[in-house]
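Beneath this line is the structure, given in structure tokens, with notes to follow.
The values are calculated or read from the model by the stated rules, or taken from the named source; none is laboratory data. Please read these numbers as outputs of a predicted model, since none were measured by experiment. Every residue, glycine as well, gets a Cβ built from its backbone with ideal geometry; the counts of neighbours run over all protein chains shown. Just so you know, the surface numbers come from the protein's heavy atoms only, side chains and all, with ligands and any DNA or RNA stripped out. Shrake-Rupley method; radii C 1.70, N 1.55, O 1.52, S 1.80 Å.
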Amino acid sequence: VPANATMSPLRLHSSNPNLSADIGEYPIQPSPLADSPDSAADYIKLQEEFCQIAQKVHCLLKSAFNTVAIEREQLKQMLLEQEHSGHNAQIFNLRRTLSQPGVKIHATIPLSQQVCNESRLSMSESVSEFFDAQEVLLSASSSENEGSDDESYVSDVSDNISEDNASVGETVSRQLSNGELISGAFQNGRRTCLSAPSPDTSSINLWNILRNNIGKDLSKVSMPVELNEPLNTLQHLCEELEYSELLDKAAETDDPYDRMVMVATFAVSGYATTYYRATFKPFNPVLGETYECIREDKGFRFFAEQVSHHPPVSACHCESKKFVFWQDIRWKNKFWGKSMEILPIGRVNVILPKYGDHFEWNKVTTCIHNILSGRRWIEHYGEITVRNTKNNACICKLTFIKGSYWSSNVNEVQGLVMDQEGKIVRRLFGKWHEGLYCGVAPSAKCTWRPGSMPTDSEMYYGFTRFAIELNELDPVLKEFLPSTDARFRPDQRYLEEGNIEAAAAEKCRIEELQRERRRFMEENNTIYQPRFFKKVYEGNQRESWMSNGNYWELRKDPGFSKLERLTLW
């Protein structure tokens with residue numbers, strides 16, 4: 001500050017009366033130039049110039065805001081006219097965005113608030129790039145509302161994380177920043193957004209649907225299509241492989257304890273995407289429905305099939321050069337009035353051929369809270385035990401802690417890797433939606449953290465970038481897919497495109513077709529034989545489903561056209 005602009009104690013007090021007490025206790029030494037007539041005149045002149053500049057800036061901002069507001073209204077009217085001339089999902093999407101009450105012009109927001117909001121935004125975006133900042137584990141989730149720092153392990157370790165400890169998924173396409181878009185697509189060449197936003201479900205009275213089903217399995221209850229998301233359960237199984245890079249790293253880790261840590265981390269990573277998905281449910285696959293996913297960027301190929309309808313059983317198989325992954329899962333849903341529990345039955349299997357390892361583990365219980373009113377939120381609780389059936393060198397136990405929405409340990413995971421003698425050789429902790437760490441705070445190392453969410457993800461079912469890509473139907477791919485692939489399912493496709501009326505009609509038609517098939521099979525004493533999976537019984541007589549090896553062989557021809565065509569929709 002120039003000497004001629006130095007304020008005397010009297011001027012300081014007049015500009016801020018709250019400082020009067022401080023002035024008496026801590027007297028300010030006057031500047032030799034402070035009380036001179038010239039310095040006082042200069043000071044007043046500086047004040048006047050500052051006020052004039054501020055007034056000009058205010059007028060410019062006000063003018064700009066008015067101009068933008070007028071243009072915005074004109075654009076809305078133009079889009080409305082275009083929509084009346086023909087249905088267009090993109091026009092509807094843009095008009096809805098412009099009509100959102102949350103869409104505001106920054107000129108109306110105080111500068112201090114803008115800086116605060118921008119700081120939070122840049123913090124969340126930087127999560128996918130930097131790992132040595134304390135804010136790395138803060139997000140728009142429960143972490144911001146938790147108690148003191150000593151209540152969370154995350155705060156203890158955040159200062160000590162280096163780039164060397166970053167997740168193995170740092171370089172995958174899902175975690176690219178928006179600045180790396182090329183022609184509207186990420187570097188993997190796949191789509192980056194859905195064609196229409198999620199529907200408004202505020203008018204649906206769930207109580208009228210669910211009140212007669214308290215304590216019952218909801219898998220047999222037909223729900224309005226607006227409550228669905230444009231993915232089905234088979235695609236959800238594929239979504240668990242979003243962080244398959246963890247298995248790739250496990251396949252290159254020689255230490256058996258560290259290898260167990262990476263496999264256990266992969267088991268936790270599959271739950272991350274559910275944090276944003278409590279509002280909508282996936283479509284239930286019909287018997288014989290399939291889904292395939294080939295990811296050259298991740299180095300795996302995946303296929304799944306609905307092998308049973310009652311009870312509903314979904315089976316999947318995935319393979320790459322470094323691992324083989326498969327599982328068969330059936331779910332039991334129970335509605336308890338205010339919440340709904342999802343109980344998974346089955347096991348997940350991973351083979352790492354390089355070491356001859358065969359890992360298997362169970363899944364935990366999922367609970368969706370505030371089903372009927374309030375903000376819905378999802379919770380996972382229970383214990384996962386990861387075993388290597390080919391080597392008993394170690395075992396891992398992961399505990400998903402049950403908490404409440406406001407508790408400091410919500411979404412917390414704690415894990416122990418123990419050797420044959422029961423000695424703890426590795427410790428894991430973190431949160432299933434934020435990241436996982438190995439070691440003891442504050443020197444723990446990060447083994448994984450999820451990538452940043454796409455822009456406006458809350459308007460598009462809370463999908464991650466990987467989820468957005470799952471239902472994409474590439475024209476080149478069409479001729480290679482079987483007719484039973486989930487991407488051909490019309491009700492799911494209509495919902496994705498925003499045509500709710502057509503989606504509802506198709507959903508009812510497909511459900512009725514499935515009932516007719518079931519009645520026909522019962523009357524003729526026939527049992528459906530899955531095309532790509534076979535039932536096997538393990539040593540304890542536990543039933544499971546494994547690939548029969550036919551899918552990729554039939555695809556080479558392509559030979560799916562030679563199969564009997566199933567009329568699923």
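Taking θ as phi - 60° and the Karplus parameters 6.51, -1.76 and 1.60, the scalar couplings of the stretch 281-295 work out to 10, x, 5, 7, x, 8, 4, x, 5, 10, 7, 10, 8, 10, 10 Hz in sequence order, x denoting glycine and proline.
For the pair Ala505 and Ser202, the difference between a 0.36 nm per residue extended length and the Cα-Cα distance amounts to 107.0 nm.
Ordered from longest to shortest, the equivalent ellipsoid semi-axes for the stretch 401-540 are 42, 26, 17 Å, each the square root of 5 times a Cα gyration tensor eigenvalue. Applying 1/(1 + (r/R0)^6) with r as the Cβ-Cβ distance of Lys556 and Val476 and R0 = 25 angstrom yields a FRET efficiency of 0.95. Solvent exposure of the stretch 206-562, expressed per residue, is 42 Å² of accessible area, with all protein chains present and a 1.4 angstrom probe.
Over the C-alpha atoms of the stretch 206-562, the Rg to Rh ratio, Rh being the Kirkwood estimate, stands at 0.96.
The heavy atoms of Met262 present about 10 square angstrom of accessible area, all protein chains included, probe 1.4 Å. Converting phi to 3J(HN,Hα) with the Karplus coefficients 6.51, -1.76 and 1.60 and the offset θ = phi - 60°, the stretch 352-359 yields 10, x, 4, 10, x, 7, 10, 8 Hz in sequence order, with x at every glycine or proline. On a 18 Å Cα-Cα criterion, which of the cross-link pairs Lys363/Lys397; Lys334/Lys534; Lys334/Lys507; Lys363/Lys402 come out too long? Where the Cα-Cα span goes over 18 Å, the pairs concerned are Lys334/Lys534; Lys334/Lys507. Residues Trp545, Trp331, ordered by accessible area of protein heavy atoms at a 1.4 angstrom probe radius and largest first, appear as Trp331, Trp545.
By the equivalent-ellipsoid construction on the alpha carbon gyration tensor, the stretch 271-380 comes out with semi-axes of 29, 16, 14 Å, ordered largest to smallest. Amide H contacts for Ser198 (H built 1.01 Å from N in the peptide plane; partners 5 or more residues away or on another chain; cut-off under 5 Å): Tyr460, Tyr461.
For Lys281, the accessible surface of its heavy atoms amounts to roughly 70 Å² (probe 1.4 Å, protein chains only, rounded to the nearest 10). Under 1.5 on a/c is rounded, so check that first for the stretch 370-463, then, if it is not, pick prolate when a/b is larger than b/c and oblate when it is not; a ≥ b ≥ c are the square roots of the alpha carbon gyration tensor eigenvalues. Verdict is prolate for the stretch 370-463. Between Ala441 and Ala393, the FRET efficiency estimated from the beta carbon spacing at R0 = 25 angstrom works out to 0.45. For Lys332 and Val57, a Förster radius of 41 Å and the Cβ-Cβ distance give a FRET efficiency of 0.10, rounded to the nearest 0.05. Under a 5 Å amide H cut-off, with hydrogens placed 1.01 Å from N, Lys390 pairs with His358 among residues at least 5 apart or on other chains. Each Lys and Arg adds +1 at its Cβ and each Asp and Glu adds -1 at its Cβ; summed about the Cα centre, the stretch 206-562 shows a dipole of about 920 debye.
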